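Read through the structure below, which is laid out as structure tokens, and then see the notes.
Values in this text are rule-based calculations from the coordinates and carry no lab data. What you are looking at is a predicted structure, and each value in this text was computed from that prediction instead of being measured. Heads up, the Cβs are rebuilt from the backbone with ideal geometry, glycines too, and the neighbour counts pull from every protein chain shown.
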Amino acid sequence: MPHDSVAPTPPAHTPAPASLRGKRIPVAILGATGAVGQTFVRLLEGHPWFEVTELAASERSAGRPYHEAARWIEGQMPARLREVQVLPCDPAAVRAPIVFSALDSSAAGDVEPAFAAAGRLVFSNAKNYRMAADVPLLIPEVNWSHVALLEKQRMLRGWSGALITNANCSVTVAAMALAPLHQAFGIERVFAATMQAVSGAGYPGVPSLDILGNAIPYIADEEPKIEEEMRKLLGTYGDGAVTHTPLRVSAHANRVAVEHGHTVCLSVGFARRVSPADVSEALRAWRGPDGIVGFLEACPSAPARPIVVTDAPDRPQPRRDVNAGRGMSVVVGRVREDALLDVKLVAMGHNTIRGAAGGSILNAELCVMGAPPVPAGLLAEITGAAAARAS
């Protein structure tokens, strides 16, 4: 075959951790009526470890049945959730111990820390706390060691819960491609040009007359996110803090007429001479940092291969490759020499699955597994407190 298989991989039956004792953990979704909130609903339906028991959204939606409050975008709304009453985004109204937040940054800044302070384990997709020194910004296959920040976070903020963030959706695609190369060869410079799908703008998103037959060379705040978050993601954890890597990143962000799948064209400069063959070999071998791979293999949402490398001259393509690994794999192709730096390549991944809801769910699965260095007893403490509140 001219390229590695990128067909969707059906989920395997994954035994639940012994700590669950045959029960699923109740979870809530904040911002459940929006595009990312709906992706959470779809991905969590039938999940072997988690059960969506509460849906929360803005005051405009609170009190209404979910099927009335949400303008459903893709597929079918789960029948069991249609009549569920939407709750306000208030920890006094939401009881679940684990909370997935799809809130816009305008609401997340106040709501998410309120839930963490009230003893919930919050998995956020918003930008507000990604760069906070005590908040883990996580892609498990890239920097799971940074989850150790939770101990310091809870101590400094006095929270009985905790807050974990996802990376920006385009940064996630680029960082997954760059992490193996940074570990193997040391990256000094990166030039990144994105072609980002319209689903990344939420719903209703970009007006049709602005995007059809067009490309928009500007996405508000996107380029600084790419440049800043990359340095934290590829940084190192030690002595209770993350030291950002000093690599230099220059980014151009563009919105294009694609439904799902962010594509990032990368030119990379290394600390030493590296060939395209070296890059391809490192990418194909990558499964994640030492010590986390076994835990990832037990997670229902983890793909068999986080990175799929293709040798086809015209891949990756969103239409053909976006569902690789059920939307959780990043597909990399066109690895070749670069006349200005060292090597250039193209990476593509599903922005609302790996770059948003799916990434959060994978973070939560690893916390349920207690994958080191998750603070010992964190899940038991949070679920135990939730059970006490409910009794």
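Computed over segment 217-300, the convex hull of the alpha-carbon atoms projects to a mean area of 8.8 nm².
Measuring against 28 Å, Cα to Cα, the residue pairs Lys225/Lys344; Lys23/Lys232; Lys23/Lys152; Lys23/Lys127; Lys232/Lys344 contain Lys23/Lys232; Lys23/Lys152; Lys23/Lys127 as the ones spanning a longer distance.
Per-residue Cβ neighbour counts within 10 Å put Asp338, Asp290, Asp134, Asp221 in the sequence Asp290, Asp221, Asp338, Asp134, beginning with the fewest.
GNM on the chain, alpha-carbon springs under 10 angstrom: the most fluctuating residue among Gly213, Gly161, Gly235 is Gly213. Largest GNM mean-square fluctuation among Ala215, Ala117, Ala251, using the chain with Cα springs under 10 Å: Ala215. Once the chain is represented by equal point scatterers at the alpha-carbon sites, with solvent omitted, what log10 I(q)/I(0) does the Debye formula produce at q = 0.07, 0.12 Å⁻¹? Rounded to two decimals, the profile gives -0.29, -0.89. Comparing Trp144, Trp49, Trp72 in a Gaussian network model of the chain, where Cα atoms under 10 Å apart are tied by springs, the biggest mean-square fluctuation is seen for Trp72. Any idea which of Leu296, Ala312, Val343 is furthest toward the positive side of the dipole for segment 169-350, if Lys and Arg beta-carbons carry +1 and Asp and Glu beta-carbons -1? It is Ala312, whose Cα lies furthest towards the positive end. When the P(r) is computed for segment 111-200, the part past 20 Å accounts for 43% of the Cα-Cα pairs.
Between Glu68 and Arg80, the modelled labels are 2.3 nm apart [label points 7 Å from Cα along Cα→Cβ].
Rounded to 0.05, the FRET efficiency of the Ile216 and Ala385 pair, given R0 = 35 Å and the Cβ-Cβ distance, is 0.15.
Please work out the C-alpha center-to-center distance from segment 82-96 to segment 237-290 and express it in whole Å. That distance is 39 Å.
For the pair Asp239 and Ser275, label points projected 7 Å from Cα toward Cβ lie 4.0 nm apart. For Leu366, the shell of other residues with beta-carbons less than 13 Å away shows a net charge of -3, using +1 for Lys and Arg and -1 for Asp and Glu.
Hey, could you get me the Stokes-Einstein D for segment 169-350, Kirkwood radius over alpha-carbon pairs, 4 °C and 1.567 mPa s, rounded to whole µm² s⁻¹? Using the Kirkwood radius from Cα pairs, D works out to 77 µm²/s.
Residues Phe100, Phe270, Phe115, ranked from the fewest to the most other C-beta atoms within 10 Å, line up as Phe270, Phe115, Phe100. Computed about its Cα centre, the charge dipole of the chain is approximately 440 debye, with only Lys, Arg, Asp and Glu carrying charge at their Cβ.
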